Amino acid sequence: MTTRARATATVTWPEANARRLARQHLYGGLASTRTPSSSPPSPASTPSPPSPPSPSDVVGAMLGAHAQVLSAAELSVGLRGEGLTRTDVRTALWADDPARRTLVKTFGPRGTVHLLPAADLPLWTGALRAVPTGPHPFPKGARMSPEQVEEVVAAVGEALRGAELTIDELSEEVVARTGPWAGDLVVPGFQEMWPRWRQVLHLAGHRGVLAYAPNRGRKAAYTNPGCAPLPGPEATAALLERYLYAYGPATPAHFAQWLAAPRRWAAGLFASRAGSGAIEEVAFEGAGPAWVVAGDTDFPAAPVRGVRLLPYFDAFTIASHPRERLFPGRASERALGGGQAGNYPVLLVDGTVAGVWHQRRSGKRIAVTVEPLEPLSAARLRALEAEVERVAAIVEGKTELTVGTVSVGPHA
């Protein structure tokens, strides 16, 4: 029979929300510069003014920036760093000097394309390759045997070593190195059928043998980042602690949803880390028993104030729970697509979702429409205007703000 230790602290939703926003550089004055893997400062050291976060600092704090649409990722990063622009993000990704490439575009949590810090790639690949897979999503005739999967992943890594290939070039190499079966057009794609081997493209990313290279014209290209993944147990333990540092208090179900992992596996990981003393339980308003990194129980008393805009699939809106507290009342109807966060860019007022917005770009001109769910005061309208100007600076354009109804649907 197992027993649960009594929670030693109670955390309210405003406290948790304020700390999450601060640690993601979305709300000033509360963010700690330490992460769970950092060493404490020396008592004899003299504190120096914090420097503005770099793109890799920001992406590390977010635990990855969703980058299926790269412009949304650029905005997510820019909104968290003073003076950062999309050019800074692109430089961190694609600089001619490899030493300046501090970000990697690859397959991250949930098997979706993310920006990740280059320095953290061994941790991410070690953790992601250790996450158990769910039911096979493809029909029986399209599937690959475990041996075929390993053969394709090895072929991808070999083909991309020291090379940058488009998907068509990579496909030719994989089929040549494995066999015609890998090229059978059996995988449903975007209005076409893809070759069989494409179903493990994301797995090659999780194994550390595939990442995006700079586009060749309008075509995506890939390369082998030469990553040696950390051992699975070490990597999953570190990723859990980083997740709790950024989004705690959280439950195993929250972690499993964020990672697209089985709940039973997540519960086992939490139990293991709790047993080792690495994480501790708290009582979390609206969620019941939840967890934080051991000793990380300081929360701000002051509530969040201010107006922020966040783009599609921003990490904060996807990973924050309980979702009904972040999307209260009408916000859950207007800003969640079938209960899924990230489908709409959102307006935050005092730290919670209070509207949606949309941008339409034509050259340097960007028409921004913001739809608040409740009328904004004069002070908040001025704050919104300032936030739209920040968006303009990040995306390097000129904005025109309209406060009114957003008429487009999700992903528009």
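The values are calculated or read from the model by the stated rules, or taken from the named source; none is laboratory data. What you are looking at is a predicted structure, and each value in this text was computed from that prediction instead of being measured. Note that we place each Cβ from the backbone using ideal geometry, even for glycine, and neighbour counts take in every protein chain shown.
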Subset of the stretch 67-90, residues surrounded by fewer than 24 Cβ atoms within 10 Å (Cβ to Cβ) and either closer than 16 Å to residue 211 by Cβ or without any contact (Cβ under 8 Å) to a residue 24 or more places away in the chain (or both), comes to 68, 70, 90
In the stretch 200-214, anything in a helix (DSSP H, G or I), among the small types (Gly, Ala, Ser) and in contact with a Ser or Thr (Cβ under 7 Å, 6 or more places away or on another chain) is listed as 205
Does residue 291 count as over 30 Å from residue 384 (Cα atoms) and touching a residue at least 60 places away in the same chain (Cβ under 8 Å)?
no
Discussion item. Take residue 296 and tell me if it is among the acidic types (Asp, Glu), surrounded by fewer than 23 Cβ atoms within 10 Å (Cβ to Cβ), in contact (Cβ under 8 Å) with a residue 40 or more places away in the chain and within 20 Å of residue 63 (Cβ to Cβ).
Written reply: yes
Is it the case, given these coordinates, that residue 102 is of a type outside the set (D, E, K, R), over 15 Å from residue 224 (Cα atoms) and without any contact (Cβ under 8 Å) to a residue 40 or more places away in the chain? no
Practice item. Might you let me know whether the stretch 26-33 holds any residue that is at pLDDT below 95, in a helix (DSSP H, G or I), among the hydrophobic types (A, V, I, L, M, F, W, C) and more than 13 Å from the chain's Cα centre (by Cα)? Key: no
Report task. Say whether the condition of being crowded, with 21+ Cβ neighbours inside 10 Å and either more than 18 Å from residue 113 (Cα to Cα) or in contact with a Cys (Cβ under 7 Å, 6 or more places away or on another chain) (or both) is met by at least one residue in the stretch 201-210. Result -> yes
Residue match in the stretch 345-357 (condition: farther than 30 Å from residue 397 by Cα, assigned by TED's automatic domain parsing to the domain that holds residue 391 and not charged (D, E, K, R)): no
